[in-house]
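Read the figures in this text as sums done on the coordinates, not as results from a lab. Everything numeric here is computed off the predicted structure, so don't read it as measured data. With ideal geometry, Cβ positions are generated from the backbone for all residues, glycine too; neighbour counts draw on all protein chains shown.
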Amino acid sequence: YEIPLCDWSSDVCSSDLGCKEAPSSALPELKVSGPTMGTHYAVKVVGDYPGGEPQLQHEVEQILQRIDHQLSTYKPDSELSRFNQHQATTPVEISQDLADVLIEGLRVGKMTGGAMDITVGPLVNLWGFGPDKRPTKIPSEQQIAAARLRTGLDKLHVEIGSEKATVRKDIPDLYVDLSTLGEGYAADHLARLMEQEGISRYLVSVGGALVSRGMNGDGQPWRVAIQKPTDRENAVQAIVDINGHGISTSGSYRNYYELDGKRISHVIDPQTGQPITHKLVSVTVIAPTALEADGWDTGLMVLGPEKAQQVVREQGLAVYMIVKEGEGFKTWMSPQFRTFLVGEKN
Ligand code: FAD
């Protein structure tokens, strides 16, 4: 679960952030939304779309369905699931889409020192956050060790040839899980659709990943709210204007369950094979693409507040973090993130 990012609207408007109620739209906005990939998508377009709202919805859902059939570990017949079921080390021909996500996953994974690891699926499933059922007791050391043997970024190889892309694994039962990247990739593709159609004012979101460009119908920048890590929906922590960038938030406090008195988070540390337990509860990343932002947010979430800040400084990333402190929370942002900040609530 990602802490939902939402576009700025009067229902999340807070005077503490120094904003005004949204004025009535000067230009109409087309809006379509619906379920996808175990989460939701939403698209807003200022002005007209060729073919109107039904065509917009149709084209958006076609793209989302295509990506779902490529990247899902929840669909046994997806392209990724077929690779996971391929119990051999011989190369498998894959689509350019799947190759793109794997390459970005490996790149960001290496830059986080393996904290974001797209081969962590066996551990994700063991802890009950993939397509498998939740465990009824804490997995044993042996189960965790066995699952860890099936992971490792260095065991996955993607090759792009002049005519085709292929992927292969060093061990037959390596299992790739792109859940952490799929939303960002899908948001980028929806943004690409808008560009192809000549739309220059839009906001698209898939789960917690979002891309916007231009002004909204009121002639104001689209404003994206980062939510407070509380159970209250629409409690705003900060507002940003990401014009032309991708943004993604990873949160550890909502997608969890309790087992034997322990809180089990959906973010797994590949080093230990255990769900994270540190006090970093929310990481938001703004990057040139939502795919890149979606990879970094999980990697930084795994690293924890101190190591994550070090990596953010070294890499010059635009990042906002919320860390639990006593009964409350404290926040931290990089200088690169500050350039996008519109308002922040203490
Ligand atoms: P993020 O913080 O972005 O990522 C966390 C997720 O990544 C974890 O839930 C886990 O899956 C994985 N992960 C954990 N630790 C690591 C790590 N160290 N490195 C890398 N990855 C890690 N859900 C359903 O319930 N039903 C569906 O049918 C369904 N279909 C999907 C289809 C696609 C194509 C995709 C991409 C996802 C689908 N999901 C589905 C999953 C769901 O919607 C979320 O995408 C998923 O739970 C990731 O959550 P997040 O983006 O909220 O969290």
Can you list the HN-Hα couplings for the range 173-182, worked out from phi with the Karplus curve (6.51, -1.76, 1.60; θ = phi - 60°), rounded to whole Hz and with x for Gly and Pro?
-> 9, 4, 9, 9, 10, 9, 4, 6, 10, x
Going residue by residue through the range 111-116, the Karplus relation 6.51 cos²θ - 1.76 cosθ + 1.60 with θ = phi - 60° gives ³J(HN,Hα) values, rounded to whole Hz and with x marking Gly or Pro, of 5, 9, x, x, 5, 8
Please build a GNM for the chain, connecting alpha carbons under 10 Å apart, and tell me which residue among Ile199, Ile286, Ile226 fluctuates the most.
-> Ile199
Sequence order, the range 210-224: Karplus ³J(HN,Hα) from phi using 6.51 cos²θ - 1.76 cosθ + 1.60, θ = phi - 60°, Hz rounded, Gly and Pro as x, gives 8, 9, 9, 8, x, 9, 7, x, 8, x, 9, x, 4, 10, 10
Sort Lys133, Lys169 so the one with the fewest other Cβ atoms within 10 Å of its own Cβ comes first.
-> Lys133, Lys169
Rounded to whole Å, sorted largest first: equivalent-ellipsoid semi-axes of the chain, Cα gyration tensor | 32, 26, 17
The chain, relative contact order [Cα under 8 Å, separation at least 6], % = 20 percent
Highest first, please rank the peptides 306-312, 123-129 by the mean number of other Cβ atoms sitting within 10 Å of their residues.
-> 123-129, 306-312
Within a Gaussian network of the chain (alpha carbon springs, distance under 10 Å), most fluctuating of Pro50, Pro172, Pro91 = Pro50
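When the chain is fully extended, how far beyond the present Cα-Cα distance does Ile103 get from Thr277, taking 0.36 nm per residue of separation?
Values: separation 174, 0.36 × 174 = 62.64 nm, distance 2.89 nm.
Length difference between fully extended and current span is 59.8 nm.
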Which Cα, out of Gly198, Ala318, Thr39, lies furthest along the positive dipole direction of the chain (beta carbon charges, K/R +1, D/E -1)?
-> Ala318
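Of Lys110/Lys324; Lys110/Lys307; Lys110/Lys155; Lys75/Lys133; Lys228/Lys330; Lys137/Lys262, which ones are farther than 18 Å apart at the Cα?
On the way: Lys110/Lys324 27 Å; Lys110/Lys307 15 Å; Lys110/Lys155 12 Å; Lys75/Lys133 15 Å; Lys228/Lys330 11 Å; Lys137/Lys262 11 Å.
In this structure, Lys110/Lys324 lie more than 18 Å apart at Cα.
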Cβ-placed point charges (K, R +1; D, E -1), dipole of the chain about Cα centre in debye, nearest 20 = 820 debye
